[in-house]
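Worksheet: one structure, shown below.
The values are calculated or read from the model by the stated rules, or taken from the named source; none is laboratory data. Here the structure is a predicted model, which is why all the values come from computation and not from measurement. As a convention, Cβ positions derive from the backbone with ideal geometry for all residues, glycine included, and neighbour counts pool all protein chains shown. Remember, those area values only see protein heavy atoms, side chains included, never the ligands or the DNA or RNA. Shrake-Rupley method; radii C 1.70, N 1.55, O 1.52, S 1.80 Å.
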Amino acid sequence: QLIDPVKVRLSSVRISVIGCGYLGAVHAACMASLGHQVIGLDVDEAKVASLNSGVPPFYEPGFAELLDEQLAGGRLEFTTDPGRIAQAQIHFIAVGTPQLAGRYAADLSYVRAAVQTLIENVDTSKGPAVIAGKSTVPVGTARHIQDLCDESGNDLIVVWNPEFLREGFAVTDTVHPDRIVYGLPDDPDRAEVGRKVLDECYAELLATGIPRLLTNHPTAELVKVAANSFLATKISFINAMAQLCDATGGDVTQLAEAIGYDDRIGKKFLRAGVGFGGGCLPKDIRAFMARAGELGVDEALTFLREVDAINLRQRDKAVEMASNLLGGRFVGHKVAVLGAAFKPNSDDLRDSPALEVAQQIWSRGADLVITDPAAADALRSKLPNLNVVDTVAEAVAGADVVLLLTEWQEYRDLDPRELRALVRTPNIVDGRNVLDPQRWADAGWTYRGMGRLAGPAAARAQV
């Protein structure tokens, strides 16, 4: 049900955020920026110390400045002491739900630990407190948490309030969301308390007209995974079209533009490339499939298996393209990889297509050099055997093939003539379809994109 935003009294709410990783730390700082008193709780002492000193443990544009501002204003702090959260009115659960090793299902151990911490430490002697779940969880989790809270005897009301953050835009997405969803309990009295408390928390945002959707627990849980599954499907669809374009001489960028003019389809998420990755889409669609199986409706989501498979095949396709440019073997050749993070404006290496392609090429005997504007240090720590450098010039010097795998703006803006002077052989694989094929061909490069024309054929297609 879509409810017009209500105007409520703007006031400060005492908030705790359980889990201070990427989601939790950003949410905590943003809630403090709305005027609330916020305390973030995490078990990692080093992370807490870093956040309290104003040093983010991850790269996210605008977050460092926001963190400094809210710490200095006294509205935000981080702790490892669960006793410090006792008096908060809202407790946001923002812990990770990674994929279980060897299985598709989500690991809910961090969620269970967070709930237990709340049960043991939240003081409800003077009235109920609200648990607002932001972690992406299998449908049915919220009701299970409510049952656990009820069994404990604590007056805790569970509301599911999914997040829709995009890495690289997390601060903006938190303070200017396109919608806010409340998954409320079935009990009408509890639902009303949960709604009022969250309305007070989000009063400043609701007053601007941001849509507020009131629904039940399972619908709210499904919103996030359904959205991610739809986006993943759209990305894999255009990548499947790229494979057909490669087989037929078509150009997927022009195909995507043509179908994108249909407002039923839209242009977003229709750029073919090496596919999606990161800490959300891959594990979320797999957990969605696993949960459907547990509910006995696995056939409803069997299409997601092919979505996942198409996505992974694009990584293999990039390796194959680079190999073909080198005569079928990597041994004895230098390969430069531009980009390691799964997307630009992030240092997140989780399930990164760029990193997997690089590792595949390296494992086949290439002299591989990789660079990334934000993720280089994390990459050195994660994979010390890889040759990681800090600049494009270092990476491409003497290279036989260059692969652009993360579409950082500085890579998109590269001058092909200047770069031509640095490499040994001017071969480039544009794994994100962000370069101008004709411009690179005119500069003497052999260009390969994902389902794209190159050289004279590309020029004719533009006429």
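Residues whose amide H lies under 5 Å from that of residue 333, counting only those 5 or more places away or on a different chain, are 367; hydrogens are built 1.01 Å from N in the peptide plane. A dipole drawn for the chain from +1 and -1 charges on Cβ atoms has a positive end, and of 162, 148, 355 the residue lying farthest that way is 355. Counting Lys and Arg as +1 and Asp and Glu as -1 over every other residue whose Cβ lies under 10 Å from the Cβ of residue 253, the net charge comes to 0. Computed extension gain for residue 418 through residue 65, at 0.36 nm per residue and net of the alpha carbon distance, reaches 123.6 nm. Under the simplified labelling scheme, the residue 244-residue 44 pair shows an inter-label distance of 4.3 nm, with each label point 7 Å from Cα along Cα→Cβ. Quick one: grab the alpha carbon gyration tensor of segment 104-214, order the square roots of its eigenvalues as a ≥ b ≥ c, and give me rounded if a/c is under 1.5, else prolate or oblate depending on whether a/b is larger than b/c. Oblate is the answer for segment 104-214, as a/c is 1.5 or above yet b/c matches or exceeds a/b.
Using a cut-off of 18 Å between Cα atoms, the listed pairs 134/283; 134/234; 47/134; 268/317 include 134/234; 47/134; 268/317 as exceeding that distance. Does anyone have the angle between helix 281-294 and the longest principal axis of the chain? Alpha-carbon axes, 0 to 90°, nearest 10? With both axes taken from Cα atoms, the answer is about 60 degrees. Across segment 130-142, rounded Karplus estimates of 3J(HN,Hα) from the backbone phi angles (6.51 cos²θ - 1.76 cosθ + 1.60, θ = phi - 60°) give 10, 9, 10, x, 10, 4, 7, 10, x, 4, x, 5, 4 Hz, Gly and Pro being marked x.
Determine the sum of side-chain charges near residue 284: Lys and Arg each +1, Asp and Glu each -1, restricted to other residues whose C-beta is under 13 angstrom from that of residue 284. My count for the surroundings of residue 284 gives 0. In summary, the chain shows an alpha-carbon radius of gyration equal to 1.06 times the 2.2 N^0.38 Å reference for compact globular proteins.
Would you please classify the overall shape of segment 1-123 from the alpha carbon gyration tensor, given that a ≥ b ≥ c denote the square roots of the eigenvalues, rounded means a/c under 1.5, and beyond that prolate means a/b larger than b/c while oblate covers the rest? In terms of gyration-tensor shape, rounded.
Using the 1.4 Å probe convention, the accessible area of segment 46-121 works out to 46 Å² per residue with neighbouring protein chains retained.
Accessible area per residue was computed with a 1.4 Å probe on protein heavy atoms; residue 288 scores about 40 Å².
Probe radius 1.4 Å, ligands and nucleic acids ignored: give me the carbon and sulfur share of the accessible area of segment 216-280 as a rounded percent.
65 percent
At an R0 of 35 angstrom, the distance between the Cβ atoms of residue 112 and residue 381 translates into a FRET efficiency of 0.75. Other residues with beta-carbon under 12 Å from the beta-carbon of residue 312 carry, at +1 per Lys or Arg and -1 per Asp or Glu, a net charge of 0.
For the chain, the longest principal axis of the alpha carbon atoms and the long axis of helix 303-325 meet at an angle near 30°.
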